[in-house]
Amino acid sequence: MLAYLARRVLYTLPILLGVSLVCFALVHIAPGDPLSSVLPPDASADLQRQLRTLYGFDRSYPEQFAIWIGRALQGDLGASIASGRPVATEVMRAVVNTLRLAVLATAIGFFLGGLFGFVAGYFRNSVVDKLASMLAVLGVSVPHYWLGMVLVIVFSSQLGWLPATGAGPGGSSDWAWDWAHVQHMVLPAVTMSVIPMGIVARTVRALVADILSQDFITGLKAKGLTGFGVFRHVVKNAAPTALAVMGLQLGYLLGGSILIETVFSWPGTGFLLNSAIFQRDLPLLQGTILVLALFFVVLNVVVDVIQSLLDPRVQRS
Amino acid sequence: MSDALVEVRDLKVTFMGGARPVRAVDGVDLTLARGEVMALIGESGSGKSVTLRQLMRLNPERKTHVEGSIRVAGEDVMGLSSARLTHYRGAEAAMIFQEPLLALDPVYTVGAQITEAIRRHERVSKADARARALALFERVRIPSPERRLDAYPHEMSGGMRQRAMIALALACRPKLLLADEPTTALDATVQIQILLLLRELQRDLGLSIVFVTHDLGAAVEVADRIAVMYAGRIVEEGTARDLIRTPRHPYTIGLLKSRAHGALSKGSRLEAIPGSPPDLANLPPGCAFAPRCPLAADACRAAAPPALDVGPGHRARCIRTEDAAGLLMTQAA
């Protein structure tokens, strides 16, 4: 098991290198001058050159990449051009906010999706199945920024139950364990949970239907198991795949839904990316993408390991 | 017959799922004495597996229409309450499946699956259940049984898996063992071992076995009596000896002749039954075998032949059994 873990972690190294290369390249391929947003239009050529040297934009791309990676390995992602603050701090604050939202949304989505999926899979082609499947399709296909706005209109504007925007009272973006902060999370988390809910529901439905049609279910019945006894086996058989899907969904949500975070002014990674793009803040953009990609890779390793723990058929050696 | 363990009367099983109802089993009568081994043989789709599964009510009940009666150890299986049914399944009757890799849950160890069955039916501690599972593994001669209990199904060889499956079936000391093509998925050498093991267990434990196969050789090896099924009916039934030596139904004779027994000399033709099995949703009015039968007469096509006694304990559903005997002769010639 340890060897498997070590090997799996080792495999991620080339992936990480590739990921960093791609995100460096993407940012630099994009048109536009990063300095144009901070320099006044009438800045002298001398000043432009000075700043260019300061940020290292005058060097060749390979050089820039090497310097960036070298510093990133030491935890230094450079400073934001727009705000001057260290990118690492900015990104981590946003990641924590998004993580909170993503974990809650995934939890809601996984619970509801699993529930709908199981019910639909168990009662295939019944009315309940049709209903659950319809909800799942709705979850995947409804534009979530629209859903977010509708929820805001209903629960904030009309009913006044929940705050419409922000991560905390008074525009605070730091977490605290109190009711006010939880209230702020409800609407964005529910909006976000709709996507994993739909996908998990459809996956689980297909899984359960497939498992129930397998011979070993007859085998279980033949030894006298019924209801819950059989259900236990179905759950354990469905769990590895369902968890893998959930892990991937969490990964996607970690990237922060730009649309949802914008609708709710949620100070997360999506929001950060959005502003970095509009301000042509290259170090911030680069750093954010790198950190998110890193999270995704790590999450994949975790999912793989969990899956190999749950499913004895996954080769460990 | 007071010593009958299984009595099936006029069993009819119809699947309602598709566009047209399919009658997979069409009036089967079966009597199995205690300690007797019966083989049900036939082609795919002849209804042998459906009959077997119905003995444990394992056909999907919502989509299946069942008529007739099944009594096992004096109990009416079709009328069992769901609580009694779960006791009956596993503790009175148990089943071995064709492909143990598919019939065992892949994510539980075989040991866990056996202890689960034991604890489902009896109030015993986990440790006691495991001790019994270990004893069962020794009984079915699985090497290094202690270690094998913790193996997953995919970690075992085919023969070993089938032994584990047999151990699982015997876990709660059933009286009736139902075996659904238990050797079909195995290598030829392993097949013999499993058959001998089944025979041995049957003698030692006084089991009654209904054994479904399409392998006549396997049937002769273990069975006291053989019933040949065709299109949902038992067309001939008798002792293994009678059936092999003096078959009376043209279909049985066809099966016997189409075996490649011994070394088939090079260049000689393997005899086969012409045509293919009938569509169960669209059976002919008379004898279902008539379209493929060399002896079929107008009377055969008009009405389904009744089961006629052709010897002591030997019955055939054929009106031309006299001529059928002659059919066998042509083989010798």
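The values are calculated or read from the model by the stated rules, or taken from the named source; none is laboratory data. Only a predicted model underlies this, so the values are computations on that prediction, with no experimental measurement involved. In this analysis, Cβ positions are derived from the backbone assuming ideal geometry, glycine residues included, and neighbour counts consider all displayed protein chains. Remember, those area values only see protein heavy atoms, side chains included, never the ligands or the DNA or RNA. Shrake-Rupley method; radii C 1.70, N 1.55, O 1.52, S 1.80 Å.
Observations on the structure shown:
- The residues on offer are B:259, B:248, and the sole one that is of a type in the set (D, E, K, R), crowded, with 18+ Cβ neighbours inside 10 Å and assigned to a loop (DSSP other than H, G, I, E, B) is B:248.
- Residue that is β-branched (Val, Ile, Thr), surrounded by fewer than 22 Cβ atoms within 10 Å (Cβ to Cβ) and modelled with pLDDT under 85, where the choices are A:69, A:108: A:69
- Residue count, segment B:287-318 (criterion: under 26 Å from the mean Cα position of the chain (by Cα) and assigned to a loop (DSSP other than H, G, I, E, B)): 12
- Screening segment B:137-159 for residues that are in a helix (DSSP H, G or I), free of Cβ contacts under 8 Å to residues at least 60 places away in the same chain and open to solvent by 30 Å² or more (accessible area, probe 1.4 Å) and picking the one that is nearest to the other protein chains (Cβ to nearest Cβ) gives B:154.
- Every residue from segment B:1-60 that is among the charged types (D, E, K, R) and over 21 Å from residue B:223 (Cβ atoms): B:9, B:10, B:12, B:20, B:23, B:26, B:57
- Selection over segment B:102-136 of residues that are of a type in the set (D, E, K, R) and facing another protein chain (nearest Cβ under 10 Å) gives a count of 3.
- The condition of being open to solvent by 60 Å² or more (accessible area, probe 1.4 Å) and within 17 Å of the chain's Cα centre (by Cα) holds for only one of B:44, B:49, that being B:44.
- Residue within segment A:198-219 that is within 13 Å of chain B (Cβ to nearest Cβ), more than 23 Å from residue A:310 (Cβ to Cβ) and assigned to a helix (DSSP H, G or I) present: yes
- Hits in segment A:269-317 (condition: assigned to a helix (DSSP H, G or I) and in contact with a His (Cβ under 8 Å, 6 or more places away or on another chain)): A:282
- Output for segment A:212-246, where each listed residue is of a type in the set (Val, Ile, Thr) and more than 18 Å from residue B:104 (Cα to Cα): A:241, A:245
- For segment A:220-261, filtered to residues that are surrounded by fewer than 22 Cβ atoms within 10 Å (Cβ to Cβ) and polar (S, T, N, Q), the residue that is farthest from the other protein chains (Cβ to nearest Cβ) is A:241.
- Of all residues assigned to segment B:88-96, none qualifies as being of a type in the set (A, V, I, L, M, F, W, C), more than 12 Å from every other protein chain (Cβ to nearest Cβ) and either over 19 Å from residue B:174 (Cα atoms) or touching a helix residue (DSSP H, G or I) at 6+ places or on another chain (Cβ under 6 Å) (or both).
- Among (1) of a type in the set (A, V, I, L, M, F, W, C); (2) loosely packed, with under 11 Cβ neighbours inside 10 Å; (3) within 30 Å of residue A:133 (Cα to Cα), the one test that residue A:29 misses: (3)
- The set of residues from segment B:44-70 being of a type in the set (Asp, Glu) and modelled with pLDDT under 85 comprises just one member, B:61.
- Any hit, segment A:279-300, residues being without any contact (Cβ under 8 Å) to a residue 24 or more places away in the chain and in the same structural domain as residue A:113 (by TED's automatic domain parsing): no
- Filter result for residue A:76 (touching a strand residue (DSSP E or B) at 6+ places or on another chain (Cβ under 8 Å) and either farther than 17 Å from residue A:196 by Cα or assigned to a helix (DSSP H, G or I) (or both)): yes
- Candidate set from segment A:217-256 (those that are among the polar types (S, T, N, Q) and touching a residue at least 24 places away in the same chain (Cβ under 8 Å)); member that is nearest to residue A:296 (Cα to Cα): A:249
- Filtered residues of segment B:52-90 (kept if in a strand (DSSP E or B) and either of a type outside the set (Lys, Arg) or surrounded by fewer than 16 Cβ atoms within 10 Å (Cβ to Cβ) (or both)): B:64, B:65, B:66, B:67, B:68, B:69, B:70, B:72, B:75, B:76
- Residue within segment A:137-149 that is open to solvent by less than 60 Å² (accessible area, probe 1.4 Å), in a loop (DSSP other than H, G, I, E, B), among the aliphatic types (A, V, I, L, M) and on the phi < 0 side of the Ramachandran plot present: yes
- The residue that is surrounded by the fewest Cβ atoms within 10 Å (Cβ to Cβ), among those in segment B:268-317 that are modelled with pLDDT of 80 or more and charged (D, E, K, R), is B:298.
- Residue A:209 meets the conditions (1) under 30 Å from residue B:102 (Cα atoms); (2) surrounded by 20 or more Cβ atoms within 10 Å (Cβ to Cβ) in every case but one. The failed one is (2).
For (1) under 14 Å from the mean Cα position of the chain (by Cα); (2) closer than 18 Å to residue A:293 by Cα; (3) not in a loop (DSSP other than H, G, I, E, B), each residue gets a yes or a no:
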position: A:102; (1), (2), (3): yes, yes, yes
position: A:109; (1), (2), (3): yes, no, yes
position: A:118; (1), (2), (3): no, no, yes
position: A:124; (1), (2), (3): no, no, no
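- As a summary of the residue check, residue B:38 satisfies the conditions (1) within 12 Å of another protein chain (Cβ to nearest Cβ); (2) farther than 23 Å from residue A:212 by Cβ; (3) open to solvent by less than 40 Å² (accessible area, probe 1.4 Å) except for the one numbered (1).
- All positions within segment B:114-130 that are surrounded by 13 or more Cβ atoms within 10 Å (Cβ to Cβ) and not β-branched (Val, Ile, Thr): B:116, B:117, B:119, B:120, B:121, B:122, B:128, B:129, B:130
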